[in-house]
1. Every residue in segment A:6-24 that is modelled with pLDDT of 85 or more, over 23 Å from A:Val59 (Cα atoms) and either within 29 Å of the chain's Cα centre (by Cα) or of a type outside the set (Val, Ile, Thr) (or both), please.
2. What about B:Glu184, is it within 17 Å of the chain's Cα centre (by Cα) and either more than 30 Å from B:Ala96 (Cβ to Cβ) or in a strand (DSSP E or B) (or both)?
3. What number of residues in segment B:160-174 are at pLDDT below 95 and basic (Lys, Arg)?
4. For a quick check of your reading: which strands (runs of 3 or more DSSP E) sit entirely within segment A:1-116 and have at least 3 residues that are in contact (Cβ under 8 Å) with a residue 24 or more places away in the chain?
5. State whether one or more residues within segment B:109-123 are polar (S, T, N, Q) and modelled with pLDDT under 95.
6. Have a look at B:Ala81, B:Ala41, B:Ala96 and point out the one that is surrounded by 20 or more Cβ atoms within 10 Å (Cβ to Cβ), in a helix (DSSP H, G or I) and more than 16 Å from ligand 1 (Cβ to nearest atom).
7. Go through (1) within 10 Å of ligand 2 (Cβ to nearest atom); (2) more than 9 Å from chain A (Cβ to nearest Cβ); (3) in contact with an Asp or Glu (Cβ under 6 Å, 6 or more places away or on another chain); (4) of a type outside the set (Val, Ile, Thr) one by one and return the number of the condition B:Ser98 breaks.
8. Just one of A:Gly307, A:Gly340, A:Gly282 is of a type outside the set (S, T, N, Q), away from ligand 2 (no atom under 16 Å from the Cβ) and at positive phi; which is it?
Amino acid sequence: MGIKIYLEKCYGCKVCVPSCPFGLIEIVDKKAVIKDGCNLCGACVSTCKFKAIEIIRDVKVTIDKSLYKGVWIFAEQRNGQLANVAKELLGEGRKLADELGEPLVAVLLGHNIESEAKQLVAYGADQVFVADAPQLEHFLEDSYTQVLVDLVQKERPNIILMGATAIGRSLAPKVAARLETGLTADCTGLDVDVAEKNLLQTRPAFGGNLMATILCPNHRPQMATVRPKVFKPLEPDLGRKATITKVDLSKTQWEIRAKILEIVNEVGHSVNLEEANIIVSGGRGLCDPKNFELVRELADTLGAAVGASRAAVDSGWIPYAHQVGQTGKTVGPKVYIACGIRGAIQHLAGMQSSDIIVAINKDPDAPIFKLATYGIVGDVLEILPMLTKEFKKALG
Amino acid sequence: MKIVVCVKQVPDTTEVKINPETNTLIREGVASILNPFDMYAVEEAIRIKEKVGGTVIVLSMGPPQVAEQLKETIAMGADEAILVSDRAFAGSDTLATSYALSKAIEKIADVNLVICGKQAIDGDTAQVGPEIAEKIGIPHLTYVKKIEAISETEITLERMNEDGYERVQMPLPGLITVVKEINEPRLPSLKGMMRSKKAEIPIWSAADIDADPAKCGLNGSPTWVKRIFIPEIKCQGEIFSGEPEEQVKFLVNALVGRKIVV
Ligand SMILES: Cc1cc2nc3c(=O)[nH]c(=O)nc-3n(C[C@H](O)[C@H](O)[C@H](O)COP(=O)(O)OP(=O)(O)OC[C@H]3O[C@@H](n4cnc5c(N)ncnc54)[C@H](O)[C@@H]3O)c2cc1C
Ligand SMILES: Nc1ncnc2c1ncn2[C@@H]1O[C@H](COP(=O)(O)O)[C@@H](O)[C@H]1O
């Protein structure tokens, strides 16, 4: 077990040296040497053209992979309403299921949610499992894990996808730990290796500086959470037919330890950033908290949500709930307008999957322009009021 | 009240830069820091201790040099810090990491509350906390932004979601992961710094925590990294030029004219 360099295959070409995210490869006497501290991330292995680097594992395959079939998506609902991410997962899941020649199955947990089950069919599911019980009305880790794990053990899916939402990111690791299987967080790209029936899961790491493709080759099911807004739903087809199966919960042993006392909805007075189609975001370039008013005016004109960089949040100009980025929210609107934001990698990590990015910055070398679809080089304080006025005119 | 806080050492990702010519990472001078989110966890543990009494034990898994850095948490006010370190743990994914940490927590014994950060900034997975809880068999709640009340047997808290937050009650022992909104971590005190200088950080091996080698490191990790690559920045877009008025008109035309904004 560990990392091995086959000296006879290594020509000291140095190609692997910069591939190590930790800078631990050196060439000594024309051979690559790995210094102490290697955490076996494997980044160097695929860069070697001579196959001189290998990660060696004691692989004990204890499961029969052929027994596991089907691409499952966890159909998240909140307050009885299907989350958008469930439809996005069906869109992507459909592609994976077709390539694998396996069915696409949606699993819906809740109470009195029959109508949402029909939506799942329209958005592409071949089969829907509905677990309906008062205990499942609101998400709780214990009840949801129990029902899901029971169903997985009975039906043996090959793949389970969940949204990388507050619910998905709490539920998925609990389910994966109970099933003793792998889980890849926050994926932004999915593909399959049809021969091995493996899911290729691509996700950002190191604050978006690197991307990693992850496999779960010897365990089933293969589990991943997927970022909202990255994949597109299919056009709903109300004529689609599929089986809707009620999950038998009569033997379920409910052991629910936590208790919800109150659900407080705060989005009423501000547009939900994660679901917004347009976001206008402000950064330190606004120079003063009162200039956020200019951002709000443009946002109101466009029916957009208001975002912010961490610098603006840390300066106390706007609450943390508006922060976009690695330590804030991940968004993927149709249009993202960055006003006076430099475009630090931590900020980009939260908004780079936006369809169209508009940057307004007085510094033409600001990194945000590298990502921008459209860029305006100028003073935001001057540009913003003009933009609001022009949009008002154009939109009538 | 016995509280364990899980803290990870991570590379400071703000320092990581890409060399645009070779498209490789520039790593020189990239400092290792304690995961910023875990500092909120340490702070919250100390606040609970100040309110209801007890001990705060900081726990980390990583290479031996982490021990020195864990002293920062003692300077803040943690009572002890323990490092789990062994070559057998190299290559751990979240399942293997949570296994090792859960074995260490079982060795510490009689723990009422485990606090983790929301996520670690190197991997950003947010999985280790909930996985530890499941392995020990205790309940967990994520994204906690406020603790309303706590005793040795019960916690009442607020946890965030996309729509707002929920007030939830959970029996202890249990595990929570905390977000930035929960507090403002304190700076080390002079007394704390003195204490941290003298502190001994025990290092536990895989054998010390009675870990099954098959569940550790590479062998205990179901997920494998197949490839790591530097993301391509999208192709260069259109940067308008000219007077501000002109640029604004171009943009409005591009968005409204193409019916992107309606
Ligand atoms: C662990 C960690 C996590 C982080 N997470 C996040 C995160 O989630 N989100 C996030 O945003 N950041 C995050 N950061 C911080 C990030 O590194 C940057 O510091 C931050 O994004 C910078 O914000 P900014 O672009 O608003 O400010 P600055 O970097 O100060 O940039 C301001 C920009 O405005 C321009 N400007 C100034 N005046 C004007 C004007 N009058 N008109 C037009 N343009 C003007 C300047 O040219 C400059 O480009 C994180 C950092 C760390 C260490
Ligand atoms: N090696 C580790 N040592 C101690 N705590 C860890 C370690 N890895 C993860 N954690 C804890 O788990 C949380 C989530 O980490 P992650 O799942 O890696 O995003 C962190 O904020 C830490 O509290």
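1. Taking segment A:6-24 first, the residues modelled with pLDDT of 85 or more are A:6-17, A:24.
Next cut, over 23 Å from A:Val59 (Cα atoms) only: A:7-17, A:24.
If the condition is that a residue be modelled with pLDDT of 85 or more, over 23 Å from A:Val59 (Cα atoms) and either within 29 Å of the chain's Cα centre (by Cα) or of a type outside the set (Val, Ile, Thr) (or both), then A:Leu7, A:Glu8, A:Lys9, A:Cys10, A:Tyr11, A:Gly12, A:Cys13, A:Lys14, A:Cys16, A:Leu24 are the ones that fit.
2. Working: within 17 Å of the chain's Cα centre (by Cα): yes; either more than 30 Å from B:Ala96 (Cβ to Cβ) or in a strand (DSSP E or B) (or both): yes.
Judged against the criteria, B:Glu184 is a match.
3. Going through segment B:160-174 one residue at a time, the tally reaches 0.
4. Numbers: elements: A:2-5, A:25-28, A:31-34, A:53-56, A:71-74, A:104-110.
Strands (runs of 3 or more DSSP E) meeting the threshold: A:2-5, A:31-34, A:53-56, A:71-74, A:104-110.
5. The answer is yes, given that some residue of segment B:109-123 is polar (S, T, N, Q) and modelled with pLDDT under 95.
6. On the way: B:Ala81 fails: in a helix (DSSP H, G or I); B:Ala41 fails: more than 16 Å from ligand 1 (Cβ to nearest atom).
Going through B:Ala81, B:Ala41, B:Ala96 in turn, just one is surrounded by 20 or more Cβ atoms within 10 Å (Cβ to Cβ), in a helix (DSSP H, G or I) and more than 16 Å from ligand 1 (Cβ to nearest atom): B:Ala96.
7. Only one criterion in (1) within 10 Å of ligand 2 (Cβ to nearest atom); (2) more than 9 Å from chain A (Cβ to nearest Cβ); (3) in contact with an Asp or Glu (Cβ under 6 Å, 6 or more places away or on another chain); (4) of a type outside the set (Val, Ile, Thr) is unmet by B:Ser98, namely (2).
8. On the way: A:Gly307 fails: at positive phi; A:Gly282 fails: at positive phi.
Going through A:Gly307, A:Gly340, A:Gly282 in turn, just one is of a type outside the set (S, T, N, Q), away from ligand 2 (no atom under 16 Å from the Cβ) and at positive phi: A:Gly340.
The values are calculated or read from the model by the stated rules, or taken from the named source; none is laboratory data. As the structure is a prediction and not an experimental result, all values here were calculated from the model. Every residue, glycine as well, gets a Cβ built from its backbone with ideal geometry; the counts of neighbours run over all protein chains shown.
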